[in-house]
Each structure stands twice: as C-alpha cells, then as structure tokens.
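Report on the structure given below.
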Amino acid sequence: MTIPGWSDSDIFQLYDEIAATLREGDEFVEVGVAYGSSLVYLADREWPRGKPRLWAVDLWDEHMGGDNLPPDVFARMQALGSPMDAFVAMVKEHLPFERRDVIGMKKQSSVEASKEFRDGSLAGVFIDARHTLDCCRQDIAAWLPKVRKGGWLAGHDYSPTFLGVMQAVDEAFGWANKELRNSVWIGRRP
Ligand SMILES: C[S@@+](CC[C@H](N)C(=O)[O-])C[C@H]1O[C@@H](n2cnc3c(N)ncnc32)[C@H](O)[C@@H]1O
C-alpha cells in the first residue's frame, strides 16, 4: 500500500526539485508529517550531491484521518500503535534500510522544534501542520529566520478552504516574493 496522507503531485514536484539541489550535510525540515507520505517521498529521491538530513517535526498526538481516510486504512494505522509508531512503521515499510538514516524525528510542537535550529541554517522548510491563521502565522514567524539566505519556506493548503493559510502567507510574502502552484505556496528568504 502507499502511505496514507495528504500530499499531492504539486508537493512531489517541489520535492523532486529540492532533492536535485540538496547537498551533503544540508538540513531540511518538514513540519506536519503525519504518516510520512510526503517526507518519505523526499527521502526516497536521488540526491545528486550527497545525503541531506531530513527532519520530521510533528506532535503525533492523535491519529489523523478518522474522517477522510478509508476506514480499513485508518484502522491499520491505529493498529500500528501510536501515531509516531505508525510513521516509523511506514518509514520501515517504504524505505530501504540505507535511506532511512537520513530522517531524524522531533516529536515536538512546530514552534518548540524551531528553537533547536540555528538562524540561517536550513536549506528549506515545508509547513503542513495546523492550518489556522494564528498557527500558520506562528509557524512562518518561527521558521523563516531558520532558513538560509536564498533558501525557501513553503507549505501546503493555500486554498479557500484554509483562508487562514492564505492570509498568513500573503502577510509574510508579497506577490513578488512567492510562487503558487495550486495549493502549494513557496516563499524565498531574500
Ligand atoms: C495535514 S497533516 C500532515 C500531512 C503530511 N504532510 C502528509 O504528507 O500526509 C498535519 C500534521 O500536523 C501535525 N501538527 C498539527 N499541529 C502541529 C504543531 N503545532 N506542531 C507540530 N505538528 C503539528 C499533526 O499532528 C498532523 O500530523
């Protein structure tokens, strides 16, 4: 089975592009990982310039998908144990052994986890956590300084379903400073 989740072809395209640019020792963070459908995709790319470090940040405090995954799929995730256990099981099921060690896990809130990284140290951050205005504002404020100059801060669900995401992203990045690919937003750190 594929990893249950909320990723889409626009995220996969962005991650293809990111994988091609990541260099040995670069650090990338995905905030809001759930069962890993997007992060595991990135971990499974070819990295032409050596292995990056991919950090998975999530609270993993409740199983996602009770209202929108097929019931048998949701039941399987629950049967794997805690939400974090289910993520680890998906990593083991979908990544060969030699590709798993690029992933590091931080079971923390987005803002708390951001404090563990030096300013200007990250190649990129992808935000797919809580989609309210306040949370998205906090996430952008916490993570943008962590991105190195020329790096990118991107995220999911820039759509009228999540007006808070649209507003927070528009406040942080003017029209000239962001790119939209359907519901994926991409901002660059100048
Ligand atoms: C939409 S899901 C992520 C989907 C995932 N990127 C995928 O590819 O399927 C949102 C995730 O954000 C996490 N989350 C929500 N608020 C958070 C916070 N403040 N800090 C860290 N993670 C959070 C939830 O636990 C959940 O797993």
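What follows is calculated from the coordinates using simple rules that are stated; it is not laboratory data. The model shown is predicted, which means the values in this text are computed figures rather than measured ones.
Quick notes on this one:
- Debye intensity ratio I(q)/I(0), log10, segment 9-188, q values 0.11 Å⁻¹ (C-alpha model): -0.45
- Taking 13 Å as the straight-line reach from the Cα of Lys149, the aspartates and glutamates in range (excluding those fewer than 8 positions away in the same chain) are Asp119.
- Sequence-separation-based contact order of the chain, relative, with Cα cut under 8 Å and 6+ spacing, percent: 20
- Once the Kirkwood radius over Cα pairs is known for segment 40-120, the Stokes-Einstein relation at 37 °C and 0.692 mPa s delivers a diffusion coefficient of 229 µm²/s.
- Highest mobility in the GNM of the chain, judged by mean-square fluctuation with C-alpha springs under 10 Å and restricted to Asp170, Asp128, Asp58, is found for Asp170.
- Long-range HN-HN contacts of Gly151 with modeled amide H, under 5 Å: Arg189
- In the chain, the DSSP-assigned H stretches of four residues or longer account for a calculated mean residue ellipticity at 222 nm of -10500 deg cm²/dmol, using -39500 (n - 2.57) per stretch and the full residue count as denominator.
- Table column - 3J(HN,Hα) (Hz), segment 83-92, Karplus curve with 6.51, -1.76, 1.60, x for Gly and Pro: x, 6, 4, 5, 4, 4, 5, 5, 4, 5
- Over 24 Å (Cα to Cα) - which of Lys107/Lys146; Lys106/Lys178; Lys92/Lys146 fall in this group: Lys106/Lys178; Lys92/Lys146
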